[in-house]
Amino acid sequence: MLALLALNLPARAQEATAERAYIQIRVNGLSCPFCAYGLEKKLKKIAGQKNLHIQLEEGLVTLDVPADKKPAKETIQKIVTDAGFTAKEVNFSDTPFKHEDEDSH
Amino acid sequence: MLTFYSPGANAHEPLYGFGPHVLFKGGWAPHITTNFSGKLVESEYALGYGITPAWTGIAEVGFSDASGPYQASFYRLKSKYRFYINNQPGYSHQVALISQLTLPAQNGEPGAFDMAFTGGREGLKFYWFASAGYGLRFADNPVKPGNRVIYNFTLGYRPFRVNYYKPDIVFFVETTGFTFQRSKNNGEPVAESGGSVFAVAPTFFFTYRNLAVRGGVQFGVWEDGFVNKPDTNFKLTVEVHL
């Protein structure tokens, strides 16, 4: 019974992962934490967002959202612009993006 | 009062001067600034709001004990419009136009309307700001105070690596100069009026997430004409972005 459950776990995890859409934003103009707070505040208004992570030195922001509520690239670009920055790239993925500063928080 | 341009609703900007940064759209920035100069205490209570991504409005009330009891000394409305921005990886160049109307809270005190251009760079390691402005001064009095020119230049350095989730500090050296034109009495220049001053101030800017504390000490280093250089004074600002 336990063996059957164990065999089933990876499939379930994959299913849970597949329900999320992962977003990576390459942001120009990020240079100080105080300024970046406005970006965090605005991105946190995206419905169902989780795991928002800002890497200042790398100029990267990652988050994930429910796959069926994935915002359009233009929506994300406008959010970043309203916060005072420029979204140079917006990438979507079915799997999480790696953080380059994993020990940051 | 030589600190005509209070900071606030900004980012890593000069404590004694000004800079081009504006609030994010829809953002609120309450902040309190207190200046100690000898026995004189001046405070400003201000609230900034990000009207658009490029335009911030700020309302301020100043308090002072300069004329006896600690009481309201001025009301101020300030607009900052950033008309140029160049965001690049790890830094940003910006230029803004600041305009502000200052009305005295007490009879006999002068009011002012100031406009200034300010620009600079904010980076992961280095900062600089340069600004220049002109202020019209007026008073309900036969003696009209002279208009003024302000200019400042600031350099900043962040000694540690920056991380969004950790406290951050940047150190600055600020220079500020003022030139006052001669006052006029019924249209005639007042002989012993007008002049220039110059001051230097080491300052710091400490932040943790949406809380900022900045402080510093200003030294008057030069004076000319009939204006006294500022006494050594200490300034502290606490600001929150909401």
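A compact table of results
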{"item": "Of all accessible heavy-atom area on chain B, the percent that carbon and sulfur account for (1.4 Å)", "result": "64"}
{"item": "Percentage relative contact order, the range B:24-95, counting C-alpha pairs under 8 Å, at least six apart", "result": "22"}
{"item": "Shape metrics for the range B:150-242, restricted to C-alpha atoms - Rg then Dmax, Å", "result": "18.2, 59"}
{"item": "Within 10 Å of each Cβ in B:91-98, the average number of Cβ atoms from other chains", "result": "2"}
{"item": "Relative contact order, percent, chain B [alpha-carbon distance under 8 Å, six or more residues apart]", "result": "16"}
{"item": "Mean accessible surface per residue for the range B:133-211, computed with a 1.4 Å probe while every protein chain stays in place, in Å²", "result": "50"}
{"item": "Rg/Rg_ref, the range B:54-127, where Rg_ref = 2.2 N^0.38 Å and atoms are Cα", "result": "1.49"}
{"item": "Chains A and B, summed buried accessible surface - 1.4 Å probe, Å², nearest 100", "result": "2600"}
{"item": "Restricting the range B:138-185 to trypsin sites (Lys or Arg not before Pro) in coil, as DSSP defines it, with at most 13 other Cβ within 10 Å", "result": "B:Arg161"}
{"item": "Rounded D (µm²/s) - the range A:20-93, Kirkwood Rh over Cα pairs, Stokes-Einstein at 10 °C, 1.306 mPa s", "result": "133"}
{"item": "Pairs of alpha carbons in the range B:28-240 whose separation is greater than 28 Å (percent)", "result": "31"}
{"item": "3J(HN,Hα) from dihedral phi, the range B:80-91, Karplus parametrisation 6.51/-1.76/1.60, rounded to Hz, x for glycine, proline", "result": "10, 10, 8, 9, 9, 8, 10, 8, 10, x, x, 7"}
{"item": "Other-chain or far-sequence residues with amide H under 5 Å of B:Trp128's (modelled H)", "result": "B:Arg121, B:Gly156"}
{"item": "The protein assembly as shown, helix-only ellipticity at 222 nm - DSSP H runs n ≥ 4, -39,500 (n - 2.57), divided by all residues, nearest 500", "result": "-3500 deg cm²/dmol"}
{"item": "Area of B:Tyr81 that stays accessible when all protein chains are in place (1.4 Å probe, Å², to 10)", "result": "110"}
{"item": "All Cα pairs of the protein assembly as shown, percent lying beyond 32 Å", "result": "38"}
{"item": "Number of partner chain Cβ atoms within 10 Å, mean per residue of A:77-89", "result": "4"}
{"item": "Vicinal HN-Hα couplings computed from phi for the range A:80-89 (Karplus, 6.51 cos²θ - 1.76 cosθ + 1.60; Hz; Gly/Pro x)", "result": "5, 5, 4, 7, x, 10, 10, 7, 6, 9"}
{"item": "Karplus-derived 3J(HN,Hα), 6.51/-1.76/1.60, for each residue of the range B:180-197, Hz, glycine and proline x", "result": "9, 6, 5, 6, 10, 10, 6, x, 9, x, 7, 4, 8, 8, x, x, 9, 9"}
{"item": "Flagged links, alpha-carbon separation over 24 Å, of A:Lys42/B:Lys80; A:Lys70/B:Lys125; A:Lys73/A:Lys98; A:Lys45/B:Lys78", "result": "A:Lys70/B:Lys125; A:Lys45/B:Lys78"}
{"item": "Relative contact order of the range A:20-93, defined on C-alpha pairs under 8 angstrom at six or more residues apart (%)", "result": "48"}
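The values are calculated or read from the model by the stated rules, or taken from the named source; none is laboratory data. The model shown is predicted, which means the values in this text are computed figures rather than measured ones. When we count neighbours, we look across all protein chains shown, and the Cβ atoms used for this are built from the backbone with ideal geometry, even at glycine. With ligands, DNA and RNA removed, areas are computed over all heavy atoms of the protein, side chains included. Shrake-Rupley method; radii C 1.70, N 1.55, O 1.52, S 1.80 Å.
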